[in-house]
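Reading through the structure tokens given below for one structure.
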Amino acid sequence: MNEEKDILILAIESSCDETAAAVVRNGREILSNIIYSQIDLHTLYGGVVPEIASRKHIEKINQVIEKALAEAGVSLRDIDAVGVTYGPGLVGALLVGVAEAKAIAYAAGKPLVGVHHIEGHIAANFIEHKELEPPFLCLVVSGGHTHLVRVRDYGKFDILGRTRDDAAGEAFDKVARAIGLGYPGGPKIDKVAKEGNPNAIQFPRARVEDAPYDFSFSGVKSAVLNYINGCRMKGETFSQADVAASFQKAVTDVLVGNAMHAVEEFGVDKFAIAGGVAANSALRQAMAQACEDRGIKFYYPSPIYCTDNAAMIGVAAYYEYRNGTRHGWDLNAVPNLKLGER
């Protein structure tokens, strides 16, 4: 491959309720990043409705891609490859993006590169931190995933730990609903918690006995629900802000604790976070402090690159393309795709 030539990736992301397209140059430079969010639509239902998400993707995907190409000032002729999220995610939503990417790649005669959604989240850190290179450890925390990952090289990962039940973001959504904040839970708890006392209520911090890097958040979620029910049964009121702050601290303590345990065990000097929950201010603060205490460099993406977007998929697709990854026209959506699978 000629090192001098710029490599342009058109990337498509539709794994949940954001329809997104981006053009990425040489894996680190974002020429465009267009996101159509359906959040207002799903707020009516208190969460993402898969069927509605799929229909909206079909409606919006062509417009989003056209806008991404126009904003980048390129045509399909200029693109070197088409990258697309093919899992994990909602199967109907994924299928829209995969079908679109296959059609464009086939019509334009360009290679097709399928990307793992979590690999995309990890790659989001490369956008603003040009100096960041593997190896490093990364905590991926989102609505659907909580993974502690060792990034050995571009596209090469070892999963050290994962959640045994609820993902961190899922727990945030359920607790937000229970205390009357509504959807989406993460940003709302983050905001309300700033007014509360994080030490007001002692919620449990789960440890998974046989797996020091695994997470479990169903216990803390149940503890919050039990606390609220207990207050209601006794006819007592509870502080929304104190519950939010105490719950947030319980989750943050576990995330930071497991992450720093891995940092020490593996002797790494670089640590990153990624995913929607990585935008949480309390988590960023606690993780930054823990890394500073250990003399470790801490990396995190801007909030726009924490939530689902196509720029991160384009970055991951670039490195997969450089590694020789190519997918055929039989590429399918894989809703429960494991990291590291091809």
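Derivation of every value follows stated rules applied to the coordinates shown; laboratory data play no part. On a predicted model such as this, the values are computed, not experimentally measured, just so you know. Heads up, the Cβs are rebuilt from the backbone with ideal geometry, glycines too, and the neighbour counts pull from every protein chain shown.
So that you can scan it fast, the table gives a plain yes or no per residue for (1) in contact (Cβ under 8 Å) with a residue 60 or more places away in the chain; (2) surrounded by fewer than 21 Cβ atoms within 10 Å (Cβ to Cβ); (3) more than 16 Å from Asn197 (Cα to Cα); (4) basic (Lys, Arg):
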site: Gly230; (1), (2), (3), (4): no, yes, yes, no
site: Lys234; (1), (2), (3), (4): no, yes, yes, yes
site: Phe238; (1), (2), (3), (4): no, yes, no, no
site: Val243; (1), (2), (3), (4): yes, no, no, no
site: Phe247; (1), (2), (3), (4): yes, no, no, no
site: Val251; (1), (2), (3), (4): yes, no, no, no
site: Gly257; (1), (2), (3), (4): no, yes, yes, no
site: Glu264; (1), (2), (3), (4): no, yes, yes, no
site: Lys270; (1), (2), (3), (4): yes, no, yes, yes
| task | From (1) of a type in the set (A, V, I, L, M); (2) in a loop (DSSP other than H, G, I, E, B); (3) within 20 Å of Ile127 (Cβ to Cβ), pick out the condition that doesn't hold for Leu31. | result | (2)
| task | Among the residues of the stretch 177-218, count how many are within 23 Å of the chain's Cα centre (by Cα), over 11 Å from Ala241 (Cα atoms) and part of a helix (DSSP H, G or I). | result | 5
| note | Expected single match for surrounded by 17 or more Cβ atoms within 10 Å (Cβ to Cβ), within 20 Å of Gly27 (Cα to Cα) and of a type outside the set (S, T, N, Q) among Val48, Val98, Val74 is Val74
| request: Using the structure shown, decide if Glu236 is part of a helix (DSSP H, G or I) and farther than 23 Å from Asp165 by Cβ. | output: no
| Can you name the residue in the stretch 297-314 that is more than 14 Å from the chain's Cα centre (by Cα) and surrounded by 18 or more Cβ atoms within 10 Å (Cβ to Cβ) and, of all such residues, is farthest from Val256 (Cα to Cα)? | Gly314
| query | Quick one: is Lys130 outside any loop (DSSP other than H, G, I, E, B), loosely packed, with under 15 Cβ neighbours inside 10 Å and not aliphatic (A, V, I, L, M)? | reply | no
| said: Show me the helices (runs of 4 or more DSSP H) found entirely inside the stretch 261-342 where at least 1 residues are farther than 24 Å from Asp173 by Cβ. | reply: 281-293, 310-322
| task | Go through the stretch 232-267 and give me each residue that's touching a helix residue (DSSP H, G or I) at 6+ places or on another chain (Cβ under 8 Å), over 21 Å from Ser218 (Cα atoms) and among the hydroxyl-bearing types (Ser, Thr, Tyr). | result | Thr237
| message | Step by step: first the residues of the stretch 52-100, then only those that are within 22 Å of the chain's Cα centre (by Cα) and assigned to a loop (DSSP other than H, G, I, E, B), then the one that is farthest from Cys16 (Cα to Cα). Which residue is that? | response | Pro88
| task | Look at the stretch 1-27 and say how many of its residues are assigned to a loop (DSSP other than H, G, I, E, B) and farther than 28 Å from Pro187 by Cβ. | result | 9
